[in-house]
Every structure is written in C-alpha cells, then in structure tokens.
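As structure tokens, the structure follows; a few thoughts come after it.
Every number in this text was worked out from the coordinates using simple rules, so none of it is lab data. Remember, predicted model here, so these are calculated numbers, not experimental data. Please note: Cβ atoms are built from the backbone with ideal geometry, for glycine as well, and neighbour counts cover all protein chains shown.
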2 protein chains.
Amino acid sequence: MLWTDGRYFLQAAQQLDPTCWTLMKDRLPETPSIEEWLANNIDAGKQVGFDPYLISLSEFKRINSKLEKKKVGFVPVLGNLVDQIWPEAKTEEEVKAALKGEGDLEHGRPPLPRTPIFVQPIEFAGESVSSKLTKLRQAMAADNIYATIVCALDEVAWLYNLRGRDVPYNPVFMSYAIVTQDSATLYVLPEKVSDEVAQHLKEAKVNVRHYDSILEDAAAVGQKVKELSTSEKPLFIWADPAKTNFAVTNALNLDDSYRAQSTPPIAMSKAVKNDAELQGMRECHVRDGVAVCKFFTWLESQLSKLPSAHTSKEEDIAASPLTEYSVTDVLRNFRAEQDKFVDLSFSTISSIGANGAVIHYSPSPTSSKPIVTGKIFLLDSGGQYRDGTTDITRTIFLARPGAQADDGKENEETDAHPSAFQKECFTRVLKGHIALARQIFPKTCTGPALDALARHALWNVGLDYLHGTGHGVGSFLAVHEGPQGIAPNRGPLNGVTLKPGMILSNEPGYYHDGEFGIRIENLVYVTRKATPYQFNKQEFYGFENLTVVPIDRRLIQRDLLTSEEIDYINGYHAQCRAALLPRLKDDEATSQWVIRNTEPL
Amino acid sequence: MLWTDGRYFLQAAQQLDPTCWTLMKDRLPETPSIEEWLANNIDAGKQVGFDPYLISLSEFKRINSKLEKKKVGFVPVLGNLVDQIWPEAKTEEEVKAALKGEGDLEHGRPPLPRTPIFVQPIEFAGESVSSKLTKLRQAMAADNIYATIVCALDEVAWLYNLRGRDVPYNPVFMSYAIVTQDSATLYVLPEKVSDEVAQHLKEAKVNVRHYDSILEDAAAVGQKVKELSTSEKPLFIWADPAKTNFAVTNALNLDDSYRAQSTPPIAMSKAVKNDAELQGMRECHVRDGVAVCKFFTWLESQLSKLPSAHTSKEEDIAASPLTEYSVTDVLRNFRAEQDKFVDLSFSTISSIGANGAVIHYSPSPTSSKPIVTGKIFLLDSGGQYRDGTTDITRTIFLARPGAQADDGKENEETDAHPSAFQKECFTRVLKGHIALARQIFPKTCTGPALDALARHALWNVGLDYLHGTGHGVGSFLAVHEGPQGIAPNRGPLNGVTLKPGMILSNEPGYYHDGEFGIRIENLVYVTRKATPYQFNKQEFYGFENLTVVPIDRRLIQRDLLTSEEIDYINGYHAQCRAALLPRLKDDEATSQWVIRNTEPL
C-alpha cells in the first residue's frame, strides 16, 4: 500500500501497478492513516517493523501510541528491506522483472555518495559559522541545553556554511552535527572534505568525525547529559523530534524529561534570511527571470511549427517536434547560461493539457506528451544558484499564430483562445494570488491564517485545490523548507508567525482532472510595511515579490478583476519590465516579448 | 494578580485598585502565563493551592506540568478562599472595606440557588430526550465507552431538554449528568424538580439524584470501569478534560488509559441545530429585531432633548436625561414586550464615545456616562426567548437633529457627522463583516481559516481588533458556546470544521482607546450553498444571516466599498425590511425608521 496526499493522487494512480499496489489517498476523510490502518488490520501480539533511519521520533510516537493500544509491537529493523531487494538493473523492464522476483540480478543499494563538499562563502551566506555557533550556544545556555543534535541535512549545511551534491536538486550532503558549549562536530565521510573545507572548518573550530561515528557519539552525549544533570541545574538536549531519526534517538537513550520543551532555533534562524541572503535571492531571481522569459520567447517562436490539438491528425500530433520533456532541456540550457547557476532546484514540471492536472507531474524522456497549440501549458521550475534558489510556475495558453476566434465558440478551447471556463478558473486563481500578495498583516499572524485569502475567489464558485498555498524556500538550499508555510489549518504551521526575511511561495492553483491544470507561483519575502495607522503600536508586515516573469494576460477574464487587482497586475508587470529589460539589451526578441507581455491590462 | 485578555484590558485597568492588584495582560508576548509566572516565582518545595471545582483537568495538567519541573506542588484545596472572605455587604463601600479587612461584616458565599427547573418543550428542542440518549449510547457503544460524565451546565440542559434560572442570562441550572448504557442520571438539588419536570424525566427514563451525590457516583463509575475493562474489550470514559472539574476527575480516580481518545459528542450535537431549533432562531431574531428597531426609533426621537458633546457645557452634559445605563432599561422593556421573552442573554453593553473602546464594558446604575449627540454609540445586546437566543451589536452615530455640516470639518467629529477616520474605520469593519458573511467555503473548512477575511481591510491600513470574530450560540442556552468559533489560529478551534446548522456570530470591530469603539455583529447560521461548480464533488457551505436590523448608513464611507459589497448591504437591508415591516403594522414611527434606514446605498 502507498499513502500519498492530494498532490500525487493522479500520478500515483498512473504509476502504481494495481495488481500489486493499493493507493491510499491520505488526508481524505474516508482514508485511514497508516497507524489507523495498522491498528485495525494487524492482530494483537504481532509486530510491525520499521527502518529506524527513516522514521523520526515524532512519527514513531504517533504510530506507536496507536499500535500500543492494540497490543501490536512497533520495532526498529536494521537492514532496510527495500535496500535488500534493490536491483542493480539498468532498464525499466529489468527493474520490473526484479521486483517480481524474476530475472537473475544482483541486488544492493548503491553506496553513500562520495561527492565533495564545498564552502558557501560569506558573501552569500551573510553570517560566519563562528557567529552562528555563538548565537546557538547563547540560546543553549539560556535553556540549559547540553547539546544540540542536528539530523536535517539543510540545517547542517546552513550551520556550517557548506554545500554539497549528494541529493538531486538539493545542495546538501550526507551528514550530522552535534554542538555543545565547547565543541562543534561535523559527521561526514572523510573523503568528502577537501583542504579548503578542512581549513574553513578549522577556522570555525568545527571538528570532523566519520559519518558512521554519529551513533557512538550520540550515545556518549546521552550518557554525559545524565551524568551532569542535577536537580538544581537540570540539563536538556535539543533534537527536534520531527527531524531526528529513531536510530539517533535510540542511541541517545534519554527519556523525555531530558528533551527541552523549547524548539531548537536552527530551522528558524535559517528561515529568516539575512540581508546578504535576501540580496542574493533578489539578484538570482532577476537572472532566473531572464532565463524563463528567454524560454517563453523561444517557445512562442516554435508555435507555428507545432501541430494543433484541435485540427491536426493524431499521427501529426505524435510527430510534434517538441515534447513536454524536450522543452525542459531547452529551459535548463537558458538557466545554465546564467551567472552562478549550479543546478535545477527540482525536477521541472512541464505539462500540457490534462497532464497539468497531475499536480507534481514530471515528464520523463520515455513518457512525455507532444506539445501542441490550442492547449494550456503549465511550467513549474526553478534553479539553484550560488546566491539563491528559485521556484516559479507560469501557466500560459499556446495560441496558434494567426488562428482566428470563431463567433459563438467562446466557451470552447480552440487554437485561438482558451475556453471561458478556463479563463474564469485562471482569473480566480490569480485573484487569490493577488489577495495574498497584497495583504498586510500584524506580526502575530501565521501562514495558515492567510491561506483562505488565496482560495476565496475559487471557493465562492465551488472550486478549490488540494495542496498548500505556500512553502518556505532556502537560500541556495532546499526549495522546500520550514518552519513557515501557508496552508489550510494544520498542526505544525499554526504556531509559526511570519517574520521579516522569511521566503515563501505564493502558489494557488486549480486542477480539472483529465482537462487542464493552472498554477500561478511567485516567491515572495516577508518585510515590514508602513501603514497609515499602527494599531497597538504593533508592527505590520506584508510580502514583496522576488519572481519577475509576466503572467499570461490572454488567460485573464478582465471583468472578474477589481480595479485594485488590475492595478496590482499592472504594477507587477512594470516591476518585471524594470528588472528584466536592462539584462536583455543584447536579446531583442526576448525584450520585445517582455514588453508585449507587460502591457497594462 | 489578575490575568485577563484583550477584551478586558481597559475595563480591568479601570476597575482594579492598583494599590493591591496587578493586571496581567494575557496573551501579549511580554506577559507570562499563569503557569509561567508561578514556575518562575514560587520556590522549589513550596505548594500552590487551587479550588478543584474551578479548575478543569486540562488546566490542571497544563499548570501542573510546568510546576512539576520546578518541583513546585499544585494541590487541590477544599474550601474556596474567596468564598471564605465573601462579604455579605450590600453597598460598594462596604464591600471595599471588607476586602481591605476593615468593617465588621459577616462572611460566607450565598447558598446554591433553589430556583425551579422547567421543561424545554419538543416544539422548540426539536428532538426528544430519548432520541438524544439513544444516539449518545450508540456512539458510546461504538467507542467502548462505559459512561459519559457531563459537567458543562449547558450540555446537561441540552441533553435532558431542561432549562433553569441559576446563572444570570444563561437558562441553565446547577447540575451534573452521568449516562451509561442502562442508566441516565441527573444530579440536582431535589427541591428544584417540579412534578412536571419529574414526569418529563420519568418518561425519558432519567433518574434524579442529589447534586451532592456526584462525587460518590463518579467514584463508583470509576471503580466499575476498572472492574469491567478487559484486555479483549477495554472500556473507556467520556469526560471532556476541558470541561470536567478536577474534583470530579479526582473522584473518578482513573488514569489516562481509561480516557477515550475520541471527543464526547454532546457539545457537537448541541452545536449543530436541528430544523426546529433553526426555525426558532429565525423566528426569535425577527421579534428581537422589532424590539431593537423600536429602541433605535425611540432613541432617535430623544436626540433633540439631549446635550451636545461638542457645544454643551459640562453641567448640561451631566444633566442629560439619558445615560448609558438608563437606555438599557428602555431596550429591555422593548424586548420584554415580545412573545416568548424570558431574559436578556447577557448584560447589555451600551457605551458612548470612549467607553465603546472598552470591549466588554457594561454600564451600571451608579457608573454610567450621559448620552450626548455628536458621538458614536455602541450597543451590544441580546435576548433569551423560549425559541432561541439572540446577540446583536450595532454602532450608530448620534447626529443632532438639524445640525449642519461645516465645510472643512470632514475630519472632525461634530454634531452633524462622524469624523472621516471614524467612517473609514466603520467601513473597514463592515468590509470584514461582509467578506465573512458572503464567503463560500468547502466542508473541510474551520473557523480560524476564515478569521483573516474579517480583518483583511483593517490590516491593510495597520488596524486590528484584539478579540475573536465569531463565537457559537446556543438555542435558548448560553450566548457563547463551542466547539465552533472564528478566531485567529488557536488550539481548540483548529480541528472544528463548520457544519450546516451551526450558529455563529460575525462580529469584527475596531477600538480606538480613549475615543470610540465600533463593532458590527450579526448572528449567522451555516448552510449548504449551491455553487456553479463543485470541485471534487465536495459540498460547499456558507452563512445566512439571522439578525435583521439595519446597519447605520451614516457611518459608511461609500467609495471604500466595492459594487459587490454595496449589493450585499442593499440585499441585507431588503431582507430586514421584508422581515420587520409585517410585524410593525401598528407602529408607524418604527416602520418609517426601518424604511429610512434600509434605503439602497
């Protein structure tokens, strides 16, 4: 059985072989959670095994508390079962055969990556490792924390101003960290540490230990806390239960009274970007915008060569010179031309027509639809640059050049225009996007409190989308990071107020199964806003856009917008022009495309 | 020290003698909670006492977990200390003297009220006691619940279709209830049970036991659960930890493993009104609207006799024929003339000018400001009727009849008009009120998710209000009831989705300390809404207004409203006219007032 949430319902249904898999649509009222299903289906006295490196302490507690009641055991099992059947097969057919137990393949997961770590220079990090450690240790002293254990890879990378290439799209590296008042340690495979990195760590007085030493050292830390803690001065551990795997938790061997009530501050410190990080984010978003606009300009130039979704024969459509997948290569090349480019920040979502409704659809070289005119095209992509991380979604209509609108066909999708319903949906998504972008809010406000603003115009006609509205984004780090987020009321986000310097996506959408998908996504940062009044002498905050790429005006139903909303779009498009045109002096075609697409509504 | 929240900051500061009291402004970031303060200020080894009848199990756990860590005891103390110094004094001076330990007063809290209980007939209750008990027992059987313990007075009243007069404004009576599969018991002083009530209870097979037997019977229930619970069929108790006092919890003497994980369903069943209750609520709101409109018509007729806030001498103002308090008597009389009137539903908030900023201000006969023209008047009031409960706030401007607007004085409050700032504030509060009233939302939506809609227009200029936007309301029961509510993200509300039949208030406000207060409050009910589309085949809900009293058009800055907002007001005023005029055929003055105040904007 595979549990997954609304973002992946369609994709999972397409990719899972129904003869051996059951899709469990998580978070729907009728779907039992993993722990509910286990509690109801495993007999008392039996045991459920789990990989202790893949289950956090929080997850363990949540599942175990349900199973305990039914007298079902929940026990860590070393040697992941999936690792053991992992086939070294090369082709899809061989993998399939291996999974069915057929074929004669060797098994075994590939070893840990040995790719080198590199330094994130102070110019982009904005704060030295020593300064980060000093602040962390001050916070630890205030809360009687003996040690901070860091398991989240992006937190280790942020803390030590290091980056790596171990995880696709995420510039992190396999590691752990432990910080006490008199030591800071990085756990990593020794061959990943170059001389430059060793020197950088030495300057910040950070020790390097072998990756495999983490359990031994965690056990020592746990022992030390018990020895040193007294009733006058009880000592605690910071190890975020949601991010610390059960193997490390087990090694610590401490009961809950040694866990601090307070939250370890690393995730929050990382989320609130400093001036250098914000400057880098603004700067890389302009370069990224240039790349995306060059791509759209190129794509527009290809449209006359493409078959039509409405008038071409099936075989002509199949022979389209462009596919969802092939255009992602072109887009990648435009990004790769930009200064400070490192990698994409996630697998590009390039989807035409019905594939747009598969929220996290990612085309592959072997399975990708031809690009045709007369369809909606959704493109969600991003880049990793040395000075920041981008994530943008634009939904455009691929109008056939010269196609004429037929009278009375406004309700239909044609080569000339989207259907009236598609325009209504796009405009309502846009109204939500704008409502969130423009909203001022007090410093006590959380992300979930704002989520309904992004949905209000969809809800009013009975539409909605089954994903959150915004996620945090790292600075040349993970494209999804916490603790902040904008989503319908859900546990962990409810306590997190939005703070100046946080970066979030603003990405409402609408997905019509089997027909089309719409999403409009900008990255924004939280900043102080001057307001005419200031109730209770409280600070008020709002958002500023980082992303600078025009929004497709052909999909807008203008009479659904208020004059304030039209002003917003025109203002945003003016911001795009001002940022992009100076970088496009040697590219007349893209300059013209930007100018055309930023004309006032 | 007294902890209270934003609704009472100003009032507490006015009423507490600073020589012996410290006001702790709860929920401000700089204010420690009660348990934080105790943990930081009481030495290890000491004990903090509490009255076990006044602290719920949840509160006990929250406070005790903090104190435990500091080795401070938290112990129930029988014999409430305040009861012991409760003076039987009659005058305010005597009370003050008694509190200072002066004077020669006898002490002792008055005994429990002996006022009779009465039956809430099926015509208004809409469901028999037998039916409610059957449903409760079905739910209990499904969750292996041995007994349900009910401590909340409104839940006892709802379950047994009884009402009383023991608590001012709340038609409840001092009682407990215990329900098992084969017994249902009401704990109450025997002299409160009339023959009619006895017969009503007998028909529903409900036993009556003495109020004081609750601890003994709770102990017996606790014992029984332990005896009957087996590992094959574990048994549990339903006793809402937030509503069960520590004395009853203590008597049960059960550890947490006997507490059901599920929530007792009584509060939710009570919150979702049946058709008869909704019909009664609609009906009593029209009668209540008639009373409020008669009051406003009468008040308008008095304005020429009143002094002016801007031109009258101080002694003339002091001699005003009307005070904040005296007008509440007039309003009460208009309500009392209405069919099925029982009582007010809370102490009327009648406040002029600066008193309007004291959110829960309640004028008293001895301390009440004179009513003058040229000021904003805020009136928050409600009635208890046999068929329902009302709660309405209207904020009006008391214009002096015939007063002329002076050119260039738009920014000032005069006898002719409110200031431009006051109009802006009122209009932004109104925009929030309308945004919430008009919003459609999916069935998964909670109250907190909608709260920002009511604040968005205030936030955008740096304004806000320090109270929730909506509370649940009972059906001839408490004017505040859970579990639903609309408020900034807060724990308990986050899990409660809004369901058809729930009643809520919609009451954004704005309070300018020392100057004026604004609140616009209607009661609404949640109902299914037909939408043009229906995403995911999901039901969509929205609100319908119950309250039918015009909103003061003189306080509206029309150009701040969108055309949809103007349409909403005009539609709402048409609804008021249609509901009220047929009931005002013998009252020409009020009819004319309604017609004037419901003219389209």
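Amide H contacts of B:TRP3 (H built 1.01 Å from N, in plane; Pro and chain starts excluded): B:MET24 sit under 5 Å, all sequence-distant by 5 or more or on other chains.
Estimated from the Cβ-Cβ distance and a Förster radius of 56 angstrom, the FRET efficiency linking B:GLN199 and B:LYS313 is about 0.30.
Using the rule -39500 (n - 2.57) for each DSSP H run of four or more residues, divided by the residues of chain B, the 222 nm mean residue ellipticity is -10500 deg cm²/dmol.
Summarising the amide proton neighbourhood of B:LYS369: residues at separation of 5 or more, or on other chains, whose placed amide H is nearer than 5 Å comprise B:GLU324, B:TYR325. Inter-copy label distances for A:GLU599: 4.6 nm (label point placed 7 Å from Cα along Cα→Cβ; shortest first). Annotation for B:SER262 and A:GLN538: the two label points, set 7 Å from Cα along the Cα-Cβ direction, are 3.9 nm apart. Peptide B:65-72 has a mean of 1 when you count, residue by residue, the C-beta atoms of other protein chains within 10 Å of its C-beta. Inter-chain neighbour count for A:525-538: the average number of beta-carbon atoms from partner chains within 10 Å of each residue's beta-carbon is 4. Sorted shortest first, the separations between the B:SER194 label point and its copies elsewhere in the assembly read 9.1 nm; each point sits 7 Å from Cα along the Cα-to-Cβ line.
Amide H contacts for B:ILE145 (H built 1.01 Å from N in the peptide plane; partners 5 or more residues away or on another chain; cut-off under 5 Å): B:PHE236. Net charge in the neighbourhood of B:LYS529 (other residues with Cβ under 12 Å of its Cβ; Lys, Arg +1, Asp, Glu -1) is +1.
With all pairs of different C-alpha atoms in the average, the Kirkwood value for the hydrodynamic radius of the protein assembly as shown is 34.1 Å. Taking only the C-alpha atoms of region A:434-529, Rg followed by Dmax gives 13.4, 42 Å. Descending by average beta-carbon neighbour count within 10 Å, the peptides B:278-290, B:200-212, B:361-373 line up as B:278-290, B:361-373, B:200-212, the highest first. Along each principal axis, taking the top coordinate minus the bottom one, the Cα set of region A:363-426 gives 51, 29, 21 Å in descending order.
When peptides B:260-269, A:292-301, A:350-359 are ranked by their average number of other Cβ atoms within 10 Å per residue, the highest-first order is A:350-359, A:292-301, B:260-269.
In this simple spin-label model, placing a label point 7 Å from the Cα along the Cα-to-Cβ direction at both A:THR22 and B:ASP586 gives a separation of 6.9 nm. Relative contact order of chain A: 11 percent, from C-alpha pairs under 8 Å at least 6 residues apart in sequence.
Each copy carries a label point for A:GLU216 at 7 Å from Cα along the beta-carbon vector; from one copy to the others these points are 6.9 nm apart, nearest first. Listed values for region A:309-314 are Karplus-derived 3J(HN,Hα) couplings in whole Hz (6.51 cos²θ - 1.76 cosθ + 1.60, θ = phi - 60°), namely 5, 9, 10, 7, 6, 4, and x replaces Gly and Pro. Determine, from the Cβ-Cβ distance of B:THR562 and A:ASN411 and an R0 of 35 Å, the FRET efficiency 1/(1 + (r/R0)^6), rounded to the nearest 0.05. Calculated transfer efficiency: 0.80.
The mean sequence distance of close C-alpha pairs (under 8 Å, at least 6 residues apart), as a share of the length of region B:516-596, puts its relative contact order at 23 percent.
Where the alpha-carbon atoms of chain B are placed on the principal axes, they occupy 82, 65, 49 Å, in descending order. Summing charges over neighbours of A:ALA420, with a neighbour being any other residue whose Cβ is under 9 Å away from its Cβ, gives -2 when K and R count +1 and D and E count -1.
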